[in-house]
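Colleague: If you scroll down you'll find the structure; I have some questions about it.
Only the coordinates and a few stated rules stand behind these numbers; no lab work does. Predicted model only: the values in this text are computed from it and were never measured. Cβ atoms come from the backbone with ideal geometry, glycine included; neighbour counts cover every protein chain shown.
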C-alpha cells in the first residue's frame, strides 16, 4: 500500500477499566501500537478521559 496521508498521535489519561475492554493491536511497525475504540463507544470513551489529549 502506498503512503497516503498523515497519522496523528495523541496522549491522554483514561480509566483503565474502560480501556481494558479493547485489545491493543499492532499497527504498522513492530513498535507502533494502537487502541481501537468503536465509534459507537466514543461518547463513553470521552467521559473516561481525565485530561485533554496532547
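Colleague: For region 8-18, give me the residue count where each residue is loosely packed, with under 10 Cβ neighbours inside 10 Å and under 12 Å from the mean Cα position of the chain (by Cα).
Modeller: Residues flagged as loosely packed, with under 10 Cβ neighbours inside 10 Å and under 12 Å from the mean Cα position of the chain (by Cα) within region 8-18 amount to 4.
Colleague: If you don't mind, another one. Of everything in region 19-52 that's touching a residue at least 24 places away in the same chain (Cβ under 8 Å), within 12 Å of the chain's Cα centre (by Cα) and part of a helix (DSSP H, G or I), which residue is surrounded by the fewest Cβ atoms within 10 Å (Cβ to Cβ)?
Modeller: 19
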